[in-house]
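Trainee: Structure below; questions to follow.
The values are calculated or read from the model by the stated rules, or taken from the named source; none is laboratory data. As the structure is a prediction and not an experimental result, all values here were calculated from the model. Cβ placement follows ideal geometry from the backbone for every residue including glycine, while neighbour counts extend to all protein chains displayed. Accessible surface is based on the protein model in full, side chains and every heavy atom, while ligands, DNA and RNA are left aside. Shrake-Rupley method; radii C 1.70, N 1.55, O 1.52, S 1.80 Å.
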Amino acid sequence: MSAEIAAPRSQRIDPKYVRGPKSRSSFEMLAWLFMRLSGVVLVVLIFGHLIANLLTGTGINALSFGFVAGKWASPIWQFWDLALLWLAMLHGTNGVRTIINDYAEKHATRAWLKGVLYVSTIFIIVLGSLVIFTFDPCVVNSPLPQC
Amino acid sequence: MSTELPEPASKIELKPGVGGGGEIPTFDITLRVRRYTPESTADAYWEDFKLTMYGTDRVLDALHKIKWEHDGSLSFRRSCAHGVCGSDAMRINGRNRLACKSLLKDLDTSKPITVEAIKGLPLEKDLIVDMEPFFQSYREVMPFLINEGHEPSGERYQSAEDHAKFEDTTKCILCAACTSSCPVFWTDGQYFGPAAIVNAHRFIFDSRDDAGDMRLEILNDKEGVWRCRTTFNCSEACPRGIQVTKAIAEVKQAILSRTI
């Protein structure tokens with residue numbers, strides 16, 4: 001029942017609290033800065049996206065394959081959506097990364113969770129970018145007039 | 001000649017029954033203390049003490065009453081008992097407070113008042129935690145004046161404006177109420193913690209100090225200021241009213257403007 005009680009004032013520090021080697025890079029600072037800058041840009045991008053899709057024309061009823069095809073015919077919307085994809089993914093990933101850092105208590109748990117996070121982020125960014133760049137509206141039996 | 005002496009001028013006519021210590025209202029409270037006695041039981045447990053306290057009493061007085069009149073085995077730290085030494089920071093009703101600055105009448109006495117040790121540091125006994133990791137982070141930010149110039153023969157003068165930049169952070173008493181209220185510190189104890197950053201801030205923004213860059217470099221660590229999530233627990237907990245989160249933000253700004 002009784003626990004081992006260490007001698008007081010022995011200059012000991014619980015190993016749990018011993019900090020790892022000092023990080024030389026400014027990665028955490030850049031990540032912090034990126035969160036703030038991307039956040040501001042995302043507000044503009046997201047509201048632009050919502051207004052263009054939902055408030056102009058007939059709103060939600062106009063959304064279809066053809067609507068997206070029409071938007072991506074313009075390089076401005078291609079760039080807009082690409083920026084939205086990249087910034088939202090990186091902003092979100094960095095946010096989840098800090099949440100994992102804050103809540104995971106074991107080093108192994110942290111490494112696994114972050115591994116899964118990074119793999120899925122890369123997958124979605126690559127897939128999304130491919131779709132935007134290689135999008136072809138003329139699928140088989142396309143009803144679109146330009147095909 | 002009258003033998004009667006005149007009444008002293010300071011004498012005040014008191015109505016019967018007014019005055020004296022008995023006039024301070026008393027009330028009954030239940031103090032629910034988180035006990036941890038590793039020499040006899042492995043786990044911490046709650047113990048209730050029913051006490052009759054005066055309206056002028058603080059949580060510390062209630063703890064004294066327990067220790068002196070009910071259970072001498074109760075262990076807690078206190079030194080000056082007047083909110084200056086920073087020994088008796090504890091979690092009172094779930095919030096980090098100094099027991100010597102928390103009046104019982106300000107708490108809800110209809111319910112048990114919970115008192116437990118501050119979180120995030122290794123518990124040693126009852127309300128006593130191992131403060132060594134806390135002071136280690138404090139030492140790492142070099143909380144002392146470093147000046148490379150010639151030593152002046154008199155005082156090192158400073159303008160009132162220069163002093164105002166770090167005046168707030170000079171008030172720290174190292175009670176650990178802020179660091180042990182920080183959820184990021186609770187996770188793994190690796191974060192430097194608000195108190196270390198506050199004490200770094202005190203020298204970083206001191207015009208007489210030359211080692212600000214070194215301290216900023218130390219706090220640019222992955223466990224440094226960037227782990228702050230601005231939850232404001234530290235500012236809320238500080239018994240000296242230091243704007244801790246603001247000080248951390250100022251250190252962030254200083255690191256940023258130094259690099260960019």
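Trainee: For every other residue with a beta carbon closer than 11 angstrom to the beta carbon of B:ARG35, add +1 if it is Lys or Arg and -1 if Asp or Glu, then tell me the sum. The partial results should precede the final answer.
Mentor: Numbers: positive: B:ARG32, B:ARG34, B:LYS125; negative: B:ASP43, B:GLU47, B:ASP48, B:ASP71, B:GLU116, B:ASP126.
The answer is -3.
Trainee: How many square angstrom of accessible surface are buried between B and A, both sides summed, with a 1.4 Å probe and rounding to 100? Let's see the in-between values first.
Mentor: On the way: alone 14550 and 11650 Å², together 23370 Å².
What B and A bury together is about 2800 Å².
Trainee: Could you tell me the distance between the Cα centroids of segment B:52-123 and segment A:78-104, to the nearest Å?
Mentor: Answer, in whole Å: 45.
Trainee: State the extension gain, in nm to one decimal, for the chain segment bounded by B:MET142 and B:SER110, taking 0.36 nm per residue of separation less the distance between their alpha-carbons.
Mentor: Working: separation 32, 0.36 × 32 = 11.52 nm, distance 4.60 nm.
Length gained between B:MET142 and B:SER110: 6.9 nm.
Trainee: Give the cross-link partners of B:LYS125 among the aspartates and glutamates, using a straight C-alpha distance below 15 Å as the criterion and excluding same-chain residues fewer than 8 apart.
Mentor: A:GLU4, B:GLU39, B:ASP43, B:GLU47, B:ASP71, B:ASP88, B:GLU116
Trainee: Using the Cα centre of chain B as the reference point, and only Cβ charges (+1 on K/R, -1 on D/E), how large is the resulting charge dipole? Debye, rounded to the nearest 20. The partial results should precede the final answer.
Mentor: Numbers: 33 positive and 39 negative charges, 134 e Å.
Roughly 640 debye, rounded to the nearest 20.
Trainee: Would you calculate the separation in nanometres between label points at A:VAL139 and B:SER79, each defined as 7 Å from the Cα along the Cα-to-beta-carbon direction?
Mentor: Distance between the two pseudo-spin positions: 7.4 nm.
Trainee: Taking the Cα centre of chain B as the origin and placing charges on Cβ (Lys, Arg +1; Asp, Glu -1), which of B:ILE24, B:ASN199, B:PHE135 is farthest toward the positive end of the dipole?
Mentor: Sorting the options by dipole projection puts first B:ILE24.
Trainee: Could you please state how large a percent of the accessible area of chain B is carbon and sulfur, counting protein chains only and using a 1.4 Å probe?
Mentor: Numbers: 6890 of 13210 Å².
Result for chain B: 52 percent of the exposed heavy-atom area is carbon or sulfur.
Trainee: Then there's this: Nearest 500 deg cm²/dmol is fine: what mean residue ellipticity at 222 nm does chain B get from its DSSP H runs of n ≥ 4 alone, each adding -39,500 (n - 2.57), divided by its residue count?
Mentor: -7000 deg cm²/dmol
Trainee: Something else about it: Counting only the heavy atoms of the protein chains, how much of A:SER74 is accessible to a 1.4 Å probe, in Å² to the nearest 10?
Mentor: Per-residue accessible area (A:SER74): approximately 40 Å².
Trainee: Same structure, new question: Using only Cα atoms and rounding to the nearest 10 degrees, what angle (0 to 90) does helix A:107-134 make with the longest principal axis of chain A?
Mentor: Once rounded, one gets 10 degrees.
Trainee: What residue among A:SER64, A:SER38, A:SER23 shows peak mean-square fluctuation when chain A is described by a Gaussian network model with Cα springs under 10 Å?
Mentor: A:SER23
Trainee: Per residue of segment B:69-74, in order, report the coupling 6.51 cos²θ - 1.76 cosθ + 1.60 (Karplus, θ = phi - 60°) as ³J(HN,Hα) in whole Hz, putting x for Gly and Pro.
Mentor: 10, 10, 9, x, 7, 4
Trainee: Let me ask something else. Counting only the heavy atoms of the protein chains, how much of B:CYS175 is accessible to a 1.4 Å probe, in Å² to the nearest 10?
Mentor: Taking all protein chains as shown, B:CYS175 has close to 10 Å².
Trainee: Also: Cut-off under 13 Å on the C-alpha distance; same-chain residues fewer than 8 positions from B:LYS222 excluded. Which aspartates and glutamates are left, in chain and number order?
Mentor: A:GLU28, A:ASP102
Trainee: Moving to a separate point now. Specify which residue in the list A:PHE47, A:VAL116, A:LEU130 is farthest towards the positive end of the charge dipole of segment A:32-134, using unit charges on the beta carbon of Lys, Arg (+1) and Asp, Glu (-1), about the Cα centre.
Mentor: So the residue furthest toward the plus end is A:VAL116.
Trainee: Obtain the nm distance between the two label points defined at A:GLU105 and A:ILE76 by a simple spin-label model: each point lies 7 Å from its Cα along the Cα-to-C-beta direction.
Mentor: Placing both labels 7 Å along Cα→Cβ, they lie 5.4 nm apart.
Trainee: Based on DSSP H assignment, which helices of chain B show an axial Cα extent of at least 27 Å together with a mean Kyte-Doolittle hydropathy greater than or equal to -1.0?
Mentor: On the way: long enough: none.
In chain B, no H run is both long and hydrophobic enough.
Trainee: Placing +1 at every Lys and Arg Cβ and -1 at every Asp and Glu Cβ, with all other atoms neutral, what dipole size does segment B:124-260 have around its Cα centre, in debye to the nearest 20? Each step should come with its number before you reach the end.
Mentor: On the way: 15 positive and 22 negative charges, 85 e Å.
That gives a dipole near 400 debye.
Trainee: In peptide A:17-27, what is the residue-averaged number of other protein chain Cβ atoms found within 10 Å of each Cβ?
Mentor: Numbers: counts 13, 4, 11, 4, 1, 8, 5, 3, 3, 8, 3.
Averaged over the peptide's residues, the number is 6.
Trainee: In the Gaussian network model of chain B, springs joining C-alpha atoms below 10 Å, which of B:ARG58, B:ARG202, B:ARG227 carries the largest mean-square fluctuation?
Mentor: Looking only at B:ARG58, B:ARG202, B:ARG227, the largest GNM fluctuation is found for B:ARG227.
Trainee: In whole Hz and in residue order, list the ³J(HN,Hα) couplings for segment B:24-41 that follow from phi through the Karplus curve 6.51 cos²θ - 1.76 cosθ + 1.60, θ = phi - 60°; x for Gly and Pro.
Mentor: 5, x, 10, 8, 9, 10, 10, 9, 9, 9, 7, 9, 9, 10, x, 6, 10, 10
Trainee: Follow-up. Of B:PRO38, B:PRO194, B:PRO152, which has the largest mean-square fluctuation in a 10 Å C-alpha GNM of chain B?
Mentor: Maximum among the listed residues: B:PRO152.
Trainee: May I pose another question? For the protein assembly as shown, give the magnitude of the charge dipole about the Cα centre (Cβ charges: +1 Lys/Arg, -1 Asp/Glu; no others), in debye to the nearest 20.
Mentor: For the protein assembly as shown, the charge dipole is close to 880 debye.
Trainee: Next up: Per-residue mean of other chain beta-carbon atoms within 10 angstrom of the beta-carbon, peptide B:248-258?
Mentor: Working: counts 0, 0, 0, 0, 3, 0, 0, 4, 5, 0, 1.
Going residue by residue through B:248-258 and averaging, the value is 1.
Trainee: Right, here's the next one. Among all cysteines in chain B, which have no other cysteine Cβ under 4.7 Å from their own Cβ?
Mentor: B:CYS100, B:CYS172, B:CYS175, B:CYS182, B:CYS228, B:CYS238
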